[in-house]
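Data block below; observations after.
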Amino acid sequence: MFNDVLPIKFKVLDKMMFNRYKLLIGKKELTTKSSIELEPNTYYLAEIYDKLVFKNLQADKVFAYIDYDCFELLKIAFRDDFKYTLINSLLQTNKKADYDCYKTMLFALNEDILYLPCLLENKPILIEYRKKKNELVIYYDVFAKLSLNLNTNKIITSFSKVKEICLNYSNNVEISPYKDDFFSLSFKGKL
């Protein structure tokens, strides 16, 4: 009925009585109950198991983005004049949402963070590179937050199915608990 390999994205349409909620998954509406308080009109990500059991539930990160292909933006971001390109874009835009994005990108850059809210295959993606930590963080579609620490070769994710896929397809993976419901996947050798 649903893809159980990856986490799914769904919207809470309405709260009903007795901790029951009306959900929209894809184009299908259904009801379920939750011991966790859910906010109507909010998107969530979760892993789905037999009989519509949701695990690792988390609110989807909402961020403003510019209508720019991520690969093109990455090329621009690694140019020497990126800061001036941002300032110029900030001065020339007439859209409030784009202005806010460019402003955030510029402030982040001053903190040694490459913050790139853009599009990948027409879906919003947020790419953050934190120079001081040497860490790459990506928010994309159903993957929620994936963090890659480039010093330690660790990927941090909250989804156990991502963990299972890594373990099943690589002999070079070690797992350890991280914080809360997050897992830390360590790779021996290079990624």
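The values are calculated or read from the model by the stated rules, or taken from the named source; none is laboratory data. What you see is a predicted model; the values in this text were computed from it and never measured. Heads up, the Cβs are rebuilt from the backbone with ideal geometry, glycines too, and the neighbour counts pull from every protein chain shown. With ligands, DNA and RNA removed, areas are computed over all heavy atoms of the protein, side chains included. Shrake-Rupley method; radii C 1.70, N 1.55, O 1.52, S 1.80 Å.
Filtering region 4-54 to residues that are touching a strand residue (DSSP E or B) at 6+ places or on another chain (Cβ under 7 Å) and free of Cβ contacts under 8 Å to residues at least 12 places away in the same chain leaves only 22. Every test in (1) surrounded by 10 or more Cβ atoms within 10 Å (Cβ to Cβ); (2) modelled with pLDDT under 90; (3) small (Gly, Ala, Ser); (4) not in a strand (DSSP E or B) is passed by residue 35 save one, and that test is (1).
Among the candidates 48, 25, 36, 87, single out the residue that is hydrophobic (A, V, I, L, M, F, W, C) and in contact with a Pro (Cβ under 9 Å, 6 or more places away or on another chain). Quick ask: steps written out before the conclusion?
Working: 25 fails: in contact with a Pro (Cβ under 9 Å, 6 or more places away or on another chain); 36 fails: in contact with a Pro (Cβ under 9 Å, 6 or more places away or on another chain); 87 fails: in contact with a Pro (Cβ under 9 Å, 6 or more places away or on another chain).
Unique residue meeting the criteria: 48.
Checked against (1) closer than 11 Å to residue 70 by Cα; (2) surrounded by fewer than 18 Cβ atoms within 10 Å (Cβ to Cβ); (3) out of contact with any helix residue (DSSP H, G or I) (no Cβ under 9 Å at 6 or more places or on another chain); (4) of a type in the set (A, V, I, L, M, F, W, C), residue 136 meets all criteria but (1).
Please work out if residue 79 is more than 27 Å from residue 122 (Cβ to Cβ), open to solvent by 80 Å² or more (accessible area, probe 1.4 Å) and basic (Lys, Arg). For residue 79, the condition - more than 27 Å from residue 122 (Cβ to Cβ), open to solvent by 80 Å² or more (accessible area, probe 1.4 Å) and basic (Lys, Arg) - is not met.
State whether one or more residues within region 61-70 are among the basic types (Lys, Arg), touching a residue at least 24 places away in the same chain (Cβ under 8 Å) and either in contact with a Gly (Cβ under 9 Å, 6 or more places away or on another chain) or closer than 30 Å to residue 7 by Cα (or both). Walk me through how you get there before you give the answer.
The initial filter retains those residues of region 61-70 that are among the basic types (Lys, Arg), namely 61.
After this cut, where a residue has to be touching a residue at least 24 places away in the same chain (Cβ under 8 Å) as well, the list is 61.
Subset that is either in contact with a Gly (Cβ under 9 Å, 6 or more places away or on another chain) or closer than 30 Å to residue 7 by Cα (or both): 61.
Scanning region 61-70, I find at least one residue that is among the basic types (Lys, Arg), touching a residue at least 24 places away in the same chain (Cβ under 8 Å) and either in contact with a Gly (Cβ under 9 Å, 6 or more places away or on another chain) or closer than 30 Å to residue 7 by Cα (or both), so the answer is yes.
Candidates in region 63-93 are the residues that are within 23 Å of the chain's Cα centre (by Cα) and not in a helix (DSSP H, G or I); of these, the one that is nearest to residue 112 (Cα to Cα) is 78. The number of residues in region 38-59 that are open to solvent by less than 50 Å² (accessible area, probe 1.4 Å) and of a type in the set (A, V, I, L, M) comes to 4.
Across region 14-25, which residue is nearest to residue 140 (Cα to Cα) among those that are open to solvent by less than 60 Å² (accessible area, probe 1.4 Å) and not aromatic (Phe, Trp, Tyr)? Looking at the filtered set, the residue picked out is 25.
Against the definition (open to solvent by less than 60 Å² (accessible area, probe 1.4 Å) and not in a strand (DSSP E or B)), how does residue 98 come out, yes or no?
It is true that residue 98 is open to solvent by less than 60 Å² (accessible area, probe 1.4 Å) and not in a strand (DSSP E or B).
All of (1) of a type in the set (Phe, Trp, Tyr); (2) more than 22 Å from residue 10 (Cα to Cα); (3) buried (at least 17 other Cβ atoms within 10 Å of the Cβ) hold for residue 107 with one exception: (3).
Residue count for region 91-147 satisfying the condition of being β-branched (Val, Ile, Thr) and more than 30 Å from residue 55 (Cα to Cα): 3.
Quick check, is residue 30 farther than 28 Å from residue 96 by Cβ and surrounded by 14 or more Cβ atoms within 10 Å (Cβ to Cβ)? Spelling it out, it is not the case that residue 30 is farther than 28 Å from residue 96 by Cβ and surrounded by 14 or more Cβ atoms within 10 Å (Cβ to Cβ). Selection over region 38-62 of residues that are of a type outside the set (A, V, I, L, M, F, W, C), within 24 Å of residue 124 (Cα to Cα) and not in a strand (DSSP E or B) gives a count of 5.
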